[in-house]
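Quick one: the structure is below, questions incoming.
Please treat every number below as a calculation from the coordinates, not as lab data. Only a predicted model underlies this, so the values are computations on that prediction, with no experimental measurement involved. We place every Cβ from the backbone using ideal geometry, glycine too, and count neighbours over all the protein chains shown.
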Amino acid sequence: MEKKASMLHDGALEGQVIVVTGGGTGLGRSMAEAFLRLGAKVCITSRKLDVLKATAAEMEKATGGTVLPVACDVRNWQEVDRMLEEVIAAFGQVDGLVNNAAGNFISPTERLSTKAFETIIGIVLMGTVNCTLAFGKHWIAKGEKDKKVLNITTTYAWTGSGYVVPSACAKAGVLALTRSLAVEWAKYGIRTNAIAPGPFPTKGAWQRLLPGELVEKFDMAKRVPLGRVGEHRELTDLASYLISSYSGYINGEVVTIDGGEWLKGAGQFNMLEMIEPKMWDSIERMVRGVRG
Ligand code: HXC
Ligand code: NAP
């Protein structure tokens, strides 16, 4: 991640312990590093301990912060419970959970097995459920307040999308979980929010969603009204704010950060951007010429 200053002040997350699932790579890693720079202690967790350990060492070196790498398959609730125990043993508390771990790949749906659906729904939806339940129960039992759950969803959680249907189903569930618990658990001092990112290049996503020549054939930047993909620091600033106490009155919100991508796909006449500007004079004459 670039070392530009964060939108939040130094020490904005001092005293916070934050767990980032899928924190060894991609956007999870970028968020974890941003939280560290703001003074948080961080646990990164995923299945591959070697990746987590290497990332933790690099991040500690870069920031001088403390990172706990814990292997945990979020599909398995016993492993999630053990991960939480390790975090409490190491740091004595936990304040924020970022449900970022995901699995996804492109495929025509008729080529998928039930197992393929189960795998993606298991990681994305049940993984988020397992972590949220474990952390939520812990906070509620302890009577601790000012706790935060931040879920990483996608814009196709509400539009749906062909060719990534298990992911779309699972992310829609994550969105429903976000809004439901925002209401139910607010009384316990737990805020639940979500981020819906547009295209932010990562190895994990790009290799599975735009393999081989597809990356040139389907330039993601062209789908975005702002004409570019996202920068990780734009997302990490938003995540840092939502996981901090400065966003204390935001609850149940899903913040889209996609340069306008999904709205471009949704607006019925947005395709008219393909019309050359010089054509608009004659089009206007035709339209104004319609009488009666
Ligand atoms: C059809 C497939 C398949 C494919 C796997 N399967 N890949 N089916 N086409 N390309 C099927 C398998 O055949 C198997 O079913 C079942 O899915 C489980 O596959 P496994 O390989 O055994 O699963 P596992 O080892 O657990 O790996 C999970 C994974 C893998 C999701 C398949 O890709 C992974 O580990 N991903 C983690 C990281 C990731 O996906 N990152 C991208 C997040 S991007 P059968 O019936 O054969 O046993 C993202 C972006 C959203 O979410 C929006 C972007 C704009
Ligand atoms: P990524 O680098 O592939 O991240 C996915 C992470 O999830 C990996 O670190 C992976 O680590 C972990 N993971 C997968 N299965 C797991 C399991 N069963 N248990 C625990 N951890 C598991 O991809 P990314 O692009 O950064 O994606 C991060 C998040 O952003 C995801 O929620 C994704 O849906 C969302 N998102 C990304 C984009 C984008 O453009 N990049 C757009 C919209 C939404 P292990 O393999 O070590 O387990």
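Given an 8 Å cut-off on Cα distances and at least 6 residues of separation, report the relative contact order of the range 29-134 as a percent.
Relative contact order, the range 29-134: 24 percent.
Just want to confirm a number: the relative contact order over the range 101-231, from Cα pairs under 8 angstrom separated by 6+ residues, in percent.
Rounded, it is 28 percent for the range 101-231.
While we're on this one: Can you put TRP262, TRP158 in order of Cβ neighbours within 10 angstrom, beginning with the fewest?
Ascending number of Cβ neighbours within 10 Å: TRP158, TRP262.
Based solely on its DSSP helices, what 222 nm [θ] is calculated for the chain when runs of n ≥ 4 H residues each add -39,500 (n - 2.57) and the sum is averaged over all residues, nearest 500 deg cm²/dmol?
-13000 deg cm²/dmol
Using only the Cα atoms of the range 101-258, what semi-axes does the equivalent ellipsoid have when each is the square root of 5 times a gyration tensor eigenvalue? Give whole Å, largest first.
30, 20, 12
With a sphere of radius 14 Å drawn around the Cβ of ARG47, what net charge do the other residues whose Cβ falls strictly inside it have (Lys, Arg +1; Asp, Glu -1)?
+1
Over the chain, calculate the relative contact order: mean separation of alpha carbon pairs under 8 Å at least 6 apart, over the residue count, as a percent.
Relative contact order of the chain: 17 percent.
On to the next question. Filter the cross-link list LYS41/LYS137; LYS61/LYS145; LYS171/LYS203 down to pairs whose alpha-carbon distance in this structure exceeds 23 Å.
LYS61/LYS145
Counting Lys +1, Arg +1, Asp -1, Glu -1, what net charge surrounds TYR163 among other residues with beta carbon under 12 Å of its beta carbon?
+1
How compact is the range 1-151 by the rule of thumb for globular proteins, expressed as Cα Rg over 2.2 N^0.38 Å?
Working it through for the range 1-151, the quotient is 1.07.
Taking only complete DSSP H runs, can you tell me which helices of the chain stretch 18 Å or more along their own long axis by Cα positions and average at least -0.5 on the Kyte-Doolittle scale?
Flagged H segments are 49-63, 77-91, 127-142, 165-184.
Please arrange PHE105, PHE269 by how many other C-beta atoms lie within 10 Å of their C-beta, fewest to most.
In increasing order of surrounding Cβ atoms, one gets PHE269, PHE105.
Could you tally the net charge around ALA182, taking each other residue with its Cβ under 13 Å from the Cβ of ALA182, Lys/Arg +1 and Asp/Glu -1?
+3
While we're here: What is the log10 of I(q)/I(0) for the range 51-110, computed with the Debye formula using one identical point scatterer on each Cα and no solvent, at q = 0.26 Å⁻¹?
Values, matching the q order: -1.26.
Right, next: Starting from the Cα gyration tensor of the chain, take the square roots of the eigenvalues, sort them a ≥ b ≥ c, and report rounded, prolate or oblate (rounded when a/c is under 1.5, otherwise prolate if a/b is larger than b/c, else oblate).
Verdict is prolate for the chain.
How big is the convex hull of the Cα atoms of the range 201-284, per residue, in Å³?
Once divided by residue count, the hull of the range 201-284 is 162 Å³.
What ranking of ARG291, ARG111, ARG228 emerges when the number of other C-beta atoms within 10 Å of each C-beta is taken as an exposure proxy, fewest first?
Lowest count first: ARG291, ARG111, ARG228.
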